[in-house]
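**Student:** Below is the structure I would like to discuss, written out as structure tokens.
The values are calculated or read from the model by the stated rules, or taken from the named source; none is laboratory data. The shown structure was predicted, so the numbers you read here are calculated from the model rather than taken from an experiment. Note that each Cβ is placed from the backbone with ideal geometry, even for glycine, and that neighbours are counted across all protein chains shown. Accessible surface areas use protein heavy atoms only, side chains included; no ligands, DNA or RNA. Shrake-Rupley method; radii C 1.70, N 1.55, O 1.52, S 1.80 Å.
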Amino acid sequence: MTVETTVTSKSSIEAWAAAVRNAGGIGYGLRKEPRSKSLLGPGGGKGKWIPADCWPDCGSKGFNKAYVEDGVVVRMGTDDAIEDSWNTPQLRACARGQSLRMWLLGADRLKYPMIRKNWEPGGGKKELRGKDEWVRISWDEALDILANELKRVKESYGNESILAPWIGTITARALGAYGGFTDQWGGHSTGSWLPAHFFTGFGYPNWNDRFDMVETKLFLMWGTNPVWSQAGLPAYTYHQAKKNGARFVAVDPFYNPTYEMLTDEWLPVRPGTDQAMILGMIHTLLVEDDPETNPLIDWDFLNRCTVGFDRDHVPEEADPDDNLMDYVLGNNDGMPRDAEWASKICGLPPERIKWLARLIAKEEHVAICTSGGVARANNADTLPQAFLALAAMTGHLGKPHSQLGVHHHFGTNGGPQLVQGQNSRSYVNSHLRAEPVLNPLAENQLAGGFILLPTKGCVNINQIHTCVLEGKYRGVDGNDVPLDVRMIYHAHGSRVNQLPNTLEAIEAHRKVEFVVTQNMFMNPDAIYSDLVLPVTSRWERDGNVCIGYREQLLWHSKIMEPYFECKDDLWIGVELCKRLGIDPKIVEPWPWKQEIFNQVADAKVMGDDGKTLEPLVTITEDDLKEFDVEGEPQQGRITVKEFKEKGIYHIPREAGDNHGFVFLKDFRDDPEANPLQTQSGKLEIHCQRLANMVNTLGWDKIRPIPTYEPPVEGYEATFSDYENGVKGEYPLQLYNIHMPRRAHGFFDNATVMRELFPHEFIMNPIDAEPRNIKSGDTVLVRSQWGKVIRTVWVTPLVMPGVTILGQGSRVDLDEETGIDMGGCANVLKGSQPTGGGHIGWNTVIIEVEKWTGAALRSDVETAHVIPLSPNPPLEDELVRAVRQPVRQREQVG
């Protein structure tokens with residue numbers, strides 16, 4: 001069914017947007033007053049508070065504590081190690097972090113190794129993956145099966161036939177030592193900003209220090225929602241700026257909770273059209289600028305610090321026509337990219353595009369704050385250069401209280417780290433003092449590390465599953481490389497659920513000869529495997545040391561004993577090495593307890609001078625004996641016991657201290673003395689290296705300057721006849737956002753989070769009415785790639801023609817109809833490769849209709865996937881499986 005979408009007049013759209021700005025009721029993650037000490041107190045003296053890790057990759061960081069009583073976590077707390085203040089804010093936990101105990105003790109925690117009932121060496125009945133029963137086996141049996149399959153595949157087909165994408169460094173140490181494996185390249189979160197960081201000179205971190213940010217007068221929030229995505233300090237910093245008198249303007253298809261809290265103006269634009277809007281703004285400034293009577297452009301900065309803006313500043317070897325100014329003005333092709341041109345594409349009236357351009361050009365102190373989400377679009381390879389050009393020409397780079405900030409991942413508090421420790425995300429490196437284990441098939445890159453740019457022996461992230469089905473992938477020279485994948489090894493995340501085209505992923509998993517997953521849960525990777533290995537969470541290990549934001553260092557401790565028969569990844573790696581004839585010390589050179597103590601001893605904090613790093617902890621000979629580790633005594637700021645007990649250290653801050661930071665300031669002051677790591681040494685609006693990389697791979701063809709190309713499955717693709725305004729089979733756009741209920745796929749199986757935050761399909765009343773759809777209805781959402789069913793929320797908070805489905809919900813495929821009942825957004829997204837290695841999640845076109853089939857079960861009912869097994873657990877294990885989570889729920893503080 002195709003329904004024409006009625007587009008109202010520009011004036012009525014503006015009235016609708018203004019009305020939405022006054023709407024409320026969608027907030028989450030706003031910083032509240034501190035909890036009373038009684039709620040975070042000792043809990044009656046029967047247990048104790050222990051610093052508890054929260055590692056899912058949300059991009060933010062909260063500090064959690066678990067109150068443990070008789071080995072059971074009965075309450076959760078957060079940071080009360082210091083008094084909360086702007087100078088040194090507490091690192092508060094969000095709702096997701098506070099649900100950790102419910103998540104980790106959910107009914108679908110894997111409890112013991114299992115093999116698929118109809119598996120045989122070579123695959124057996126592979127078509128039953130995802131439908132088969134499971135048979136409980138011992139760890140010895142499981143590890144023997146895994147080792148034998150690795151040997152068989154390597155001997156028969158070679159190491160290239162082992163596909164282990166983004167497996168994590170712990171597991172990868174064993175596979176790297178065994179001869180290597182096929183890995184992936186590209187990025188998940190950053191969109192097309194990923195290669196731009198490498199090639200344009202706009203690196204990372206690119207935020208100013210928070211003490212500088214709060215003095216900013218105007219914030220342009222472009223496609224960002226830290227209240228939901230990175231709950232915690234990012235939104236708190238913005239809130240402080242708001243209290244300090246800052247003005248906020250939002251550009252986004254969705255009036256989200258961050259904008260509800262902050263913004264004075266909301267400018268709705270269609271997904272994937274941001275670059276057209278930016279070009280329209282640049283055109284406005286070019287035609288209205290007069291250095292004498294109406295100065296709008298910082299020509300001094302452009303001329304000294306950038307290349308490629310105009311014909312006089314292109315690189316010597318470049319085509320003079322490849323400059324942004326001529327392209328925008330249409331000097332070479334007769335097509336000016338003015339506000340009227342941009343308005344037809346992005347949906348914002350031209351008057352508003354011009355107004356915004358003038359606003360940021362005339363304000364002295366502006367922060368343009370965007371996210372990877374805006375750049376997660378097909379054909380957005382040069383979008384970062386457009387943002388860079390806009391910030392440069394308006395003079396908002398390299399000076400106090402002005403910036404172009406990208407990604408809130410530990411951002412909105414910019415500058416070099418004031419503490420040194422590990423990243424806090426869901427993956428973790430191991431044995432940092434040991435020699436790294438490399439992957440010989442991936443140009444000797446770190447085994448399991450992030451491979452961000454095209455690398456020999458690695459598959460573009462969008463081809464992870466197509467390479468299995470097609471037997472080839474695109475090599476670094478643009479030619480196809482044969483690849484015969486026989487085995488898939490998962491040890492982190494959920495590739496089936498979290499990469500585009502989930503149905504294609506399922507098909508690929510049913511093709512290969514062997515699939516193994518080691519995970520905490522029966523997630524989609526595990527469901528479509530032959531062998532599942534239950535692993536411990538970080539709560540069941542000897543701790544973790546990591547950074548918070550720029551100013552916090554955290555030490556988490558063991559919270560509980562391993563769940564049932566769960567083993568940690570290191571133990572699995574060691575036992576696997578024994579069976580493969582590899583020295584186990586390659587995987588575990590020393591015990592994890594010693595590794596964590598090493599990381600504590602190596603932790604550094606910035607001195608008051610802002611230049612010198614010094615040890616954080618004092619360690620004595622008695623400490624070494626008490627902790628039963630090896631090491632050397634040292635002098636630091638606090639004792640090692642204090643750090644372990646509190647679990648967090650905050651760098652003291654105050655306005656005017658030596659820890660301030662303004663990104664690119666030294667470069668702006670003297671670009672010749674402080675060149676950037678680019679071909680020109682300057683910011684590259686004209687970037688030939690980026691164009692060469694993308695064009696060599698051959699999926700897209702781009703110019704070295706930022707130009708607008710209609711995206712694959714973008715707004716223009718919603719029409720069968722764009723010029724005449726005739727809509728096609730898929731007339732609506734789908735906006736894929738982060739939701740408060742989960743961080744990617746993490747927490748989605750926590751019942752309490754499903755109770756709090758529904759996973760709804762969101763659409764505008766203008767689109768819902770002609771389809772006879774009302775809030776609360778069940779709808780069928782379909783694209784050329786798949787179909788999902790969801791309950792709908794009809795609201796003016798999303799612009800007409802655009803719909804929303806949050807990412808991360810677990811696929812729940814009805815095998816008979818092929819419809820996903822779980823609302824997995826990647827069922828609707830095709831796997832289109834991009835030359836920059838990013839994923840175009842926000843360029844998807846769909847149609848929606850009212851569902852007339854069987855009623856959709858509630859998300860609360862479907863929170864857990866319980867594996868079918870002809871071998872039920874023993875009675876005492878059943879009792880334990882039920883008693884512990886129930887007891888925890890009864891004792892919620």
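**Student:** Mind listing just one residue for me: the one in region 492-515 that is closer than 24 Å to PHE450 by Cβ and aliphatic (A, V, I, L, M) and, of those, surrounded by the most Cβ atoms within 10 Å (Cβ to Cβ)?
**Tutor:** So, considering only residues that are closer than 24 Å to PHE450 by Cβ and aliphatic (A, V, I, L, M), the one surrounded by the most Cβ atoms within 10 Å (Cβ to Cβ) is VAL496.
**Student:** Quick one: which of VAL406, VAL374, VAL328 is in contact with a Leu (Cβ under 8 Å, 6 or more places away or on another chain), β-branched (Val, Ile, Thr), open to solvent by less than 10 Å² (accessible area, probe 1.4 Å) and in contact (Cβ under 8 Å) with a residue 12 or more places away in the chain?
**Tutor:** From the options VAL406, VAL374, VAL328, the qualifying one is VAL328.
**Student:** Looking only at region 145-169, filter to residues that are charged (D, E, K, R) and surrounded by 16 or more Cβ atoms within 10 Å (Cβ to Cβ); which one of those is nearest to ALA526 (Cα to Cα)?
**Tutor:** GLU149
**Student:** Then there is this: Starting from residues that are outside any helix (DSSP H, G or I) and charged (D, E, K, R), keep the ones in region 130-144 and report whichever is surrounded by the most Cβ atoms within 10 Å (Cβ to Cβ).
**Tutor:** Among those residues, the one meeting the criterion is ASP132.
**Student:** State which residue pairs qualify: first residue assigned by TED's automatic domain parsing to the domain that holds TRP785 and inside region 836-860, second residue among the basic types (Lys, Arg) and in a loop (DSSP other than H, G, I, E, B) in any location, beta carbons under 7 Å apart, and separation of 6 or more residues or different chains.
**Tutor:** If the second residue must be among the basic types (Lys, Arg) and in a loop (DSSP other than H, G, I, E, B), the pairs left are HIS838/ARG376; ILE839/ARG376; GLY840/ARG376; TRP841/ARG376; TRP841/LYS829; ASN842/ARG376; VAL844/LYS829.
**Student:** Go through (1) over 28 Å from ASN225 (Cβ atoms); (2) of a type outside the set (Asp, Glu); (3) open to solvent by less than 10 Å² (accessible area, probe 1.4 Å) and name the single condition ASN749 misses.
**Tutor:** Among (1) over 28 Å from ASN225 (Cβ atoms); (2) of a type outside the set (Asp, Glu); (3) open to solvent by less than 10 Å² (accessible area, probe 1.4 Å), ASN749 violates only (1).
**Student:** On to the next question. Considering GLY681, GLY698, GLY745, GLY725, which residue is under 24 Å from the mean Cα position of the chain (by Cα) and either on the phi > 0 side of the Ramachandran plot or assigned by TED's automatic domain parsing to the domain that holds ARG857 (or both)?
**Tutor:** Only one candidate passes the filter, namely GLY745.
**Student:** I'm told ALA361 meets every condition in (1) open to solvent by less than 10 Å² (accessible area, probe 1.4 Å); (2) under 19 Å from LEU324 (Cα atoms); (3) among the aliphatic types (A, V, I, L, M) except one. Can you identify the failing condition by its number?
**Tutor:** (1)
**Student:** Turning to a different aspect of this structure: Of everything in region 775-792, what is under 25 Å from GLY728 (Cβ atoms) and either assigned to a loop (DSSP other than H, G, I, E, B) or open to solvent by 10 Å² or more (accessible area, probe 1.4 Å) (or both)? Give them in sequence order.
**Tutor:** Residues satisfying the conditions are ASP777, THR778, LEU780, ARG782, SER783, GLN784, TRP785, GLY786, LYS787.
**Student:** Let me ask something else about it. Would you check if there is a residue in region 306-313 being out of contact with any Leu (no Cβ under 8 Å at 6 or more places or on another chain), surrounded by 19 or more Cβ atoms within 10 Å (Cβ to Cβ) and assigned by TED's automatic domain parsing to the domain that holds ALA391?
**Tutor:** no
**Student:** Considering each of PHE181, PHE198, PHE219, PHE202 in turn, give the residue that is in contact (Cβ under 8 Å) with a residue 60 or more places away in the chain and open to solvent by 20 Å² or more (accessible area, probe 1.4 Å).
**Tutor:** That would be PHE198, the only listed residue that is in contact (Cβ under 8 Å) with a residue 60 or more places away in the chain and open to solvent by 20 Å² or more (accessible area, probe 1.4 Å).
**Student:** TYR489 passes all but one of (1) open to solvent by less than 10 Å² (accessible area, probe 1.4 Å); (2) closer than 12 Å to GLN184 by Cβ; (3) of a type outside the set (Lys, Arg); which number fails?
**Tutor:** (2)
**Student:** How many residues does region 90-111 hold that are of a type in the set (S, T, N, Q) and assigned to a loop (DSSP other than H, G, I, E, B)?
**Tutor:** The qualifying residues number 2.
**Student:** For region 800-821, give me each residue that is open to solvent by 10 Å² or more (accessible area, probe 1.4 Å) and at negative phi.
**Tutor:** PRO800, GLN807, ARG810, VAL811, ASP812, LEU813, ASP814, GLU815, GLU816, THR817, ILE819, MET821, listed by residue number.
**Student:** Looking at region 670-692, which of its residues are over 17 Å from LEU194 (Cα atoms), in contact with a helix residue (DSSP H, G or I) (Cβ under 7 Å, 6 or more places away or on another chain) and of a type in the set (D, E, K, R)?
**Tutor:** The answer is LYS682, and nothing else.
**Student:** Suppose we filter VAL328, VAL287 for residues that are over 31 Å from the mean Cα position of the chain (by Cα), assigned to a helix (DSSP H, G or I) and over 30 Å from VAL712 (Cα atoms); which single one remains?
**Tutor:** Checking each option against the conditions leaves just VAL287.
**Student:** Could you please give the count of residues in region 552-580 that are surrounded by 22 or more Cβ atoms within 10 Å (Cβ to Cβ), over 20 Å from ALA172 (Cβ atoms) and within 26 Å of the chain's Cα centre (by Cα)?
**Tutor:** Qualifying residue count, region 552-580: 5.
**Student:** Need at least 1 residues that are under 22 Å from LEU388 (Cβ atoms) per element, so show me which strands (runs of 3 or more DSSP E) inside region 171-265 make the cut, counting only ones lying wholly within it.
**Tutor:** Qualifying strands (runs of 3 or more DSSP E): 218-222, 247-251.
**Student:** Next up: Is one or more of the residues making up region 827-834 modelled with pLDDT of 90 or more, closer than 20 Å to GLY808 by Cα and either outside any loop (DSSP other than H, G, I, E, B) or among the acidic types (Asp, Glu) (or both)?
**Tutor:** The answer is yes, given that some residue of region 827-834 is modelled with pLDDT of 90 or more, closer than 20 Å to GLY808 by Cα and either outside any loop (DSSP other than H, G, I, E, B) or among the acidic types (Asp, Glu) (or both).
**Student:** Identify, by number, the condition in (1) closer than 24 Å to ALA863 by Cα; (2) more than 26 Å from the chain's Cα centre (by Cα); (3) outside any loop (DSSP other than H, G, I, E, B) that ILE804 doesn't meet.
**Tutor:** If we test ILE804 against (1) closer than 24 Å to ALA863 by Cα; (2) more than 26 Å from the chain's Cα centre (by Cα); (3) outside any loop (DSSP other than H, G, I, E, B), just (2) comes out false.
**Student:** Just one of PRO706, PRO710, PRO671, PRO758 is open to solvent by less than 20 Å² (accessible area, probe 1.4 Å) and either assigned to a helix (DSSP H, G or I) or not assigned by TED's automatic domain parsing to the domain that holds ASP322 (or both); which is it?
**Tutor:** That would be PRO706, the only listed residue that is open to solvent by less than 20 Å² (accessible area, probe 1.4 Å) and either assigned to a helix (DSSP H, G or I) or not assigned by TED's automatic domain parsing to the domain that holds ASP322 (or both).
**Student:** Determine which member of the set ASN519, ASN479 is in contact with a helix residue (DSSP H, G or I) (Cβ under 9 Å, 6 or more places away or on another chain) and either open to solvent by 10 Å² or more (accessible area, probe 1.4 Å) or outside the structural domain of ARG742 (by TED's automatic domain parsing) (or both).
**Tutor:** Residue meeting the stated conditions: ASN519.
**Student:** Going by what's in this entry, would ARG689 be described as touching a Pro at 6+ places or on another chain (Cβ under 9 Å), open to solvent by 80 Å² or more (accessible area, probe 1.4 Å), charged (D, E, K, R) and farther than 30 Å from MET213 by Cβ?
**Tutor:** Considered against the rule, which asks whether it is touching a Pro at 6+ places or on another chain (Cβ under 9 Å), open to solvent by 80 Å² or more (accessible area, probe 1.4 Å), charged (D, E, K, R) and farther than 30 Å from MET213 by Cβ, ARG689 comes out as yes.
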